[in-house]
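Undergrad: One structure is given below, represented as structure tokens, and several questions about it will come after.
The values are calculated or read from the model by the stated rules, or taken from the named source; none is laboratory data. Remember, predicted model here, so these are calculated numbers, not experimental data. Quick reminder, even Gly has a Cβ in these numbers, built from the backbone with ideal geometry, and neighbours come from all protein chains shown. Ligands, DNA and RNA are excluded from the accessible area calculation, which covers all protein heavy atoms including side chains. Shrake-Rupley method; radii C 1.70, N 1.55, O 1.52, S 1.80 Å.
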Amino acid sequence: MNILFLGDIVGKSGRDIVSSLLSSLKKEYDISLTIVNGENAAHGKGLTKRLYDELIAAGADYITMGNHAFSKKEIYDHIEEMDRMVLPSNHLLNEKEDSHLIFEKYGIRFCLINLLGDVLMNDISSDPYEKMEEILEKTEKEDIDIYFVDYHGETTAEKRIFCEYYQDVIDVCVGTHTHVQTADERMIGNCAFITDVGMCGPYDSVIGRDIEESIRHRIHMEKTRYTIAEGRAVLCGAVISIDDTERKAVSIRRIQIRPEGEQ
Ligand code: FE2
């Protein structure tokens, strides 16, 4: 079985590129399960019910989130209905008792987990290790075949360390949050790993944000809004292959589709 994971979908151009390319990507890579990170889908911060529906309609099976999970307040009214959304288990504002999702696909039992890193990250209720141990304990008797973790973190080393530590326990560990794809996808023991999958969003931008505004904010210290850049988009993701008989991950490769004419 092949799983497609798409990195942080940022704003309209991110949503549009996912909608337009997802079905052809599924055919090209023979995908059986699609997971996307949607925490920046609504104007760069958060997700609404309408955009959740849009991503599901575009072909996402599950949507993981991140530090902006609760940025759009309306999400509180729809959390129960948005039952294919996986909230960060260690987000301070997450009041759900369990946020990991357990589901079955072609007889393989998955546990999908979203965790926030604890380096340069706000709003965490516990460090990712404490929460991971809690989840492992809770799912001990669930007969999970594949533990799939979206580790939403700022720094490279913390993600690698998490995967090194859990390589015999979890099967897939994909990094998100920085919006910059890293070229280090590999198996670490039994775990398919990439430090950061990268984003699906505006190509001509500063990790999704308007370039001019970013300069004004950073260099000239101007108080600015957070404006998502417009224009052409890049799509970043990874394809993870699972051996259906052994029920374990065997490979990971990254995907990056840039605008036409960009190499
Ligand atoms: Fe994030």
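Undergrad: Could you grab me the full set of residues in the stretch 27-43 that are of a type outside the set (Asp, Glu), out of contact with any His (no Cβ under 8 Å at 6 or more places or on another chain) and in a loop (DSSP other than H, G, I, E, B)?
TA: The initial filter retains those residues of the stretch 27-43 that are of a type outside the set (Asp, Glu), namely 27, 29, 31-38, 40-43.
From what's left, out of contact with any His (no Cβ under 8 Å at 6 or more places or on another chain): 27, 29, 31-36, 38, 41-43.
Residues satisfying the conditions are Tyr29, Gly38, Ala41, Ala42, His43.
Undergrad: Can you find even one residue in the stretch 82-94 that is acidic (Asp, Glu), open to solvent by less than 10 Å² (accessible area, probe 1.4 Å), within 24 Å of Tyr147 (Cβ to Cβ) and in a loop (DSSP other than H, G, I, E, B)? Break it down into steps so the answer makes sense when it comes.
TA: We begin by selecting, within the stretch 82-94, every residue acidic (Asp, Glu); these are 83.
The next check asks that each one be open to solvent by less than 10 Å² (accessible area, probe 1.4 Å); those that pass are none.
Among the residues of the stretch 82-94, not one is acidic (Asp, Glu), open to solvent by less than 10 Å² (accessible area, probe 1.4 Å), within 24 Å of Tyr147 (Cβ to Cβ) and in a loop (DSSP other than H, G, I, E, B), which makes the answer no.
Undergrad: Restrict the check to the stretch 112-132 and report whether at least one residue is open to solvent by 10 Å² or more (accessible area, probe 1.4 Å) and aromatic (Phe, Trp, Tyr). Quick ask: steps written out before the conclusion?
TA: Of all residues in the stretch 112-132, those open to solvent by 10 Å² or more (accessible area, probe 1.4 Å) come to 118-127, 129-131.
Among the residues that remain, those that are also aromatic (Phe, Trp, Tyr) are: 129.
Scanning the stretch 112-132 turns up at least one residue that is open to solvent by 10 Å² or more (accessible area, probe 1.4 Å) and aromatic (Phe, Trp, Tyr).
Undergrad: Kindly indicate whether Glu130 is assigned to a helix (DSSP H, G or I), within 16 Å of the ligand (Cβ to nearest atom) and either under 16 Å from Ile102 (Cβ atoms) or out of contact with any Ser or Thr (no Cβ under 7 Å at 6 or more places or on another chain) (or both). Before you say what the answer is, go through the steps one by one.
TA: Values: assigned to a helix (DSSP H, G or I): yes; within 16 Å of the ligand (Cβ to nearest atom): no; either under 16 Å from Ile102 (Cβ atoms) or out of contact with any Ser or Thr (no Cβ under 7 Å at 6 or more places or on another chain) (or both): yes.
Here the answer is no, as Glu130 does not meet what is asked.
Undergrad: Listed residues Ile215, Ile257, Ile207, Ile219; which is surrounded by fewer than 23 Cβ atoms within 10 Å (Cβ to Cβ) and either touching an Asp or Glu at 6+ places or on another chain (Cβ under 7 Å) or on the phi > 0 side of the Ramachandran plot (or both)?
TA: Details: Ile215 fails: either touching an Asp or Glu at 6+ places or on another chain (Cβ under 7 Å) or on the phi > 0 side of the Ramachandran plot (or both); Ile257 fails: either touching an Asp or Glu at 6+ places or on another chain (Cβ under 7 Å) or on the phi > 0 side of the Ramachandran plot (or both); Ile219 fails: either touching an Asp or Glu at 6+ places or on another chain (Cβ under 7 Å) or on the phi > 0 side of the Ramachandran plot (or both).
None of the others qualify; the one that does is Ile207.
Undergrad: Counting only residues that are of a type outside the set (A, V, I, L, M, F, W, C) and out of contact with any strand residue (DSSP E or B) (no Cβ under 8 Å at 6 or more places or on another chain), which one in the stretch 172-189 is farthest from the ligand (Cβ to nearest atom)?
TA: Taking the stretch 172-189 first, the residues of a type outside the set (A, V, I, L, M, F, W, C) are 175-179, 181-182, 184-186, 189.
If we keep only those that are out of contact with any strand residue (DSSP E or B) (no Cβ under 8 Å at 6 or more places or on another chain) as well, we get 178, 189.
Details: Thr178: 8, Gly189: 27 Å.
Filtering the stretch 172-189 for residues that are of a type outside the set (A, V, I, L, M, F, W, C) and out of contact with any strand residue (DSSP E or B) (no Cβ under 8 Å at 6 or more places or on another chain), the one farthest from the ligand (Cβ to nearest atom) comes out as Gly189.
Undergrad: Can you name every residue in the stretch 36-53 that is more than 14 Å from the ligand (Cβ to nearest atom) and either buried (at least 24 other Cβ atoms within 10 Å of the Cβ) or among the charged types (D, E, K, R) (or both)?
TA: Initially, the stretch 36-53 is screened for residues more than 14 Å from the ligand (Cβ to nearest atom), giving 48-53.
Within the stretch 36-53, Lys49, Arg50, Asp53 qualify.
Undergrad: Take the stretch 230-252 and flag every residue that is out of contact with any helix residue (DSSP H, G or I) (no Cβ under 8 Å at 6 or more places or on another chain), farther than 16 Å from Phe148 by Cβ and in contact (Cβ under 8 Å) with a residue 24 or more places away in the chain.
TA: Cys236, the sole residue that qualifies.
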